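Beneath this line is the structure, given in structure tokens, with notes to follow.
Only the coordinates and a few stated rules stand behind these numbers; no lab work does. A quick note: this is a predicted structure, and the numbers were derived from the prediction, not measured. Glycine gets a Cβ as well: all are built from the backbone with ideal geometry, and neighbour counts include every protein chain shown.
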Amino acid sequence: MADLQAGPCTRKELPRLRKLLNEVFITERNAQGDIFEFAPLLYNEANVANLRVVRDGRKIVGHAGVCVRPIRWRGQLLQAGLIGGVCAREDLRGKGIGTLAMQDVAERMVELGLDFGVLWTGSRAFYERLGWHTMGGISMMRIDEAPGQAECCCELMLLAESPFGPKDCHRLHAEAARNEVVRTPEETRTVLTGAGRVTWLALEGGHLSGYATLTGDTIREIEGDAQVCITLIEHVASEGARRCVFPLNDPRIAAIAEALPVDVARRPLGMLLVVSRDPLVAKIADEAGASQDDLGIGASESVEVLMARIFGGPERKPSDEPLPLDIHIDYLDHV
């Protein structure tokens, strides 16, 4: 394997990359579908320069891709690189292909001037060796059983069959201000209507009061006050939902957990890598209106301290401080 080389995919090579990714992420896992259709913002002709492939001669044997996503945090625009499709061909694993792909994609993120990278994985040790850290977290509510539906004042209907649209849901989400990250109406539309997603609305007196977006058996986002959430969870659980994702320190959780047979655990959300340290800390210091040293993110701090200070950890308690940056990254997916 001495001839391994990493670099950008070409348009002509996309069918070969598609075949490799579907073998790894669909066929090997006995799943269904097409990885390119699942993540079209990552896998498309306009993004080929960011689809980094490892070649053995002319054969594509590995891959790591990056999808650039802006994150509007308060008054600043942060640039994140979302990593996906990291793999090596099944018969060639353990030969450094994944490491080479990740090293190449890290160099690409530097070229793009990104602030930080984000990825999701069950193989944390591999990425830790490459400088990635587990940071941030979510609260995962497990629905132990489908609760009986209590009498409620909400009318429930599917988004597609309602008089409301994604823009109405976006206004509801924006007004709730669940965390410091701001997103666009288009991003909300993607969250609610992307591939494989079903969204239920809660209406009170003809007005939109909440919604729940289901992917498989997981409620990926839920909006509305605690009582509305209880009603939505009861209904969507009857449709097969068994988990519900909340921002890490969501204040609605306690009331929901008291009313329903659920179990809540804090979990790491993903892994992060600081790509461009100076621009990132400058943006945060400017928005916070304090010096980098006063915020504990100055040049003298180690990468570990810097990341913990900015992004927090999965067990972080609620805080009124401007840091850590509380990013509920779950909606920043590749769709």
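D for segment 145-260, whole µm²/s, Stokes-Einstein with Kirkwood Rh over alpha-carbon pairs at 4 °C and 1.567 mPa s: what number?
So the translational diffusion coefficient is about 91 µm²/s.
Quick check: residue separation of Leu158 and Asp3 times 0.36 nm, minus the Cα distance between them. What number comes out in nm? Write out the running numbers ahead of the final one.
Values: separation 155, 0.36 × 155 = 55.80 nm, distance 5.37 nm.
Residue separation times 0.36 nm, minus the Cα-Cα distance, leaves 50.4 nm.
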Extension gain from Glu239 to Arg11, taking 0.36 nm per residue of separation minus the Cα-Cα distance: 78.0 nm
Proximal lysines to Lys95, defined as alpha-carbon separation beneath 25 angstrom and excluding residues fewer than eight positions away on the same chain: Lys19, Lys59
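I'd like the GluC sites (Glu not before Pro) in segment 224-317 restricted to DSSP loop residues with at most 10 other Cβ atoms within 10 Å, sorted by number. Let's see the in-between values first.
Details: sites: Glu234, Glu239, Glu258, Glu287, Glu301, Glu304, Glu315; in loops: Glu239, Glu301, Glu315.
When the GluC sites (Glu not before Pro) of segment 224-317 are filtered for loop state and at most 10 Cβ neighbours within 10 Å, Glu315 remain.
Quick one: net charge of Asp263's neighbours, Cβ under 14 Å, K/R +1, D/E -1?
+2
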Global form of the chain, assessed from the alpha-carbon gyration tensor, a/c cut-off 1.5: oblate
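Of all DSSP beta bridges in the chain, what percent run antiparallel (nearest 5)?
On the way: 60 of 65 bridges.
So the antiparallel bridges in the chain amount to around 90 percent.
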Segment 11-141 - convex hull of alpha carbons, volume per residue in Å³: 141
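Report, for segment 145-260, the % of DSSP beta bridges that are antiparallel, rounded to 5.
Working: 17 of 19 bridges.
Beta bridges within segment 145-260, antiparallel portion: roughly 90 percent.
Computed FRET efficiency, Cβ-Cβ of Arg277 and Leu130, R0 22 Å: what is it to the nearest 0.05? Let's see the in-between values first.
Values: r = 17 Å, r/R0 = 0.75.
Taking R0 as 22 Å, the efficiency between Arg277 and Leu130 is 0.85.
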Cross-link partners of Lys283 among lysines (Cα-Cα below 27 Å; sequence separation of 8 or more within a chain): Lys317
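Would you mind calculating the gained length between Val110 and Ala257 on full extension (0.36 nm times residue separation, minus the Cα-Cα distance), in nm to one decimal?
On the way: separation 147, 0.36 × 147 = 52.92 nm, distance 4.32 nm.
Result for the pair: 48.6 nm of gain on full extension.
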